[in-house]
1. Per 10 Å bin, what is the whole-percent P(r) computed from every C-alpha pair distance within the chain?
2. If I take every Cα pair under 8 Å that is 6 or more residues apart in the chain, average their sequence separation and divide by the length, what percent do I get for the relative contact order?
3. For region 1-66, just run the numbers: alpha carbon Rg, then divide by 2.2 N^0.38 Å, N being how many residues it has.
4. Is it possible to state the helix-based mean residue ellipticity at 222 nm for the chain, with each DSSP H run of 4+ residues giving -39500 (n - 2.57), the sum divided by total residues, to the nearest 500 deg cm²/dmol? What is it?
5. From the backbone phi of region 61-73, what are the Karplus-calculated ³J(HN,Hα) couplings (6.51 cos²θ - 1.76 cosθ + 1.60, θ = phi - 60°) in whole Hz, Gly and Pro given as x?
6. Explain nothing, just compute: Karplus ³J(HN,Hα) = 6.51 cos²θ - 1.76 cosθ + 1.60, θ = phi - 60°, for every residue of region 157-162 in order, whole Hz, x for Gly and Pro.
7. Can you give the accessible area per residue of region 1-97, in Å², using a 1.4 Å probe?
8. I need the peptides 88-100, 20-32, 57-69, 105-117 ranked by packing, meaning the mean over residues of other C-beta atoms within 10 angstrom, with the highest value on top.
Amino acid sequence: GFVPAALTAVLAGLLAATAPLGRPAVAVVVAVLQAVTAAGWFRLNGMWPARQGIALAYAGGLAASIGLLATEPAHAPTVLIGTIGVWLLLVVILQLRSHASADERLYGLTAAVASTALTVLAAGHLAAVAESSDAVVVGAAAVAVAVLVRALPLPTAAAVVVALAA
């Protein structure tokens, strides 16, 4: 829909606008992006509200962001992989404590793993800004334009082609 596309475009625009300002400015936008990603993934999968899963995914994203801000950019892969590893273990422990049926636990595990992974990987923008803010600006601007174009009421095939062209 157009509302999620507009929200994505606004977040991408904020990311593009703050990228030239450096990692501390981008960290604020990334924290908002991580909150939207953590909550939005559960919402997208019809698991609303899922407070513990959302909080856990968001905490993982913040831990990754703090780790990236506290280390040299060369250590970014280690920070991201380590954070994902620890947080996925925490997600499994959270799901093992659930009293839901096996099917519901598997569905919850799937949503929590995806939400956590995407939220942690969003911190990668901090590493990218340290290397080249121009790349982040161009990438975020491209995402903003592509999602807005894709949300236009066009036939599916045409919308995909127009969004890729944009």
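1. Distribution as computed: 11, 34, 32, 20, 3 percent.
2. On the way: 206 pairs, mean separation 61.0, N = 166.
Here the relative contact order equals 37 percent.
3. Values: Rg = 12.9 Å, N = 66, 2.2 N^0.38 = 10.8 Å.
Relative to the rule-of-thumb radius for its length, region 1-66 sits at 1.19.
4. Values: 8 runs with 137 residues, N = 166.
The helix-only estimate for the chain comes to -27500 deg cm²/dmol at 222 nm.
5. x, 5, 4, 5, 4, 5, x, 5, 6, 8, 10, 6, x
6. Values per residue, Gly and Pro as x: 4, 5, 5, 5, 5, 5 Hz.
7. Details: 5230 Å² over 97 residues.
For region 1-97, the solvent-accessible area averages 54 Å² per residue.
8. 57-69, 105-117, 20-32, 88-100
The values are calculated or read from the model by the stated rules, or taken from the named source; none is laboratory data. Since this is a predicted model, take the numbers as computed values, not measurements. Positions of Cβ are generated from backbone atoms using ideal geometry, with glycine treated the same way; all protein chains shown enter the neighbour counts. Keep in mind that these areas ignore ligands, DNA and RNA; they rest on the heavy atoms of the full protein, side chains included. Shrake-Rupley method; radii C 1.70, N 1.55, O 1.52, S 1.80 Å.
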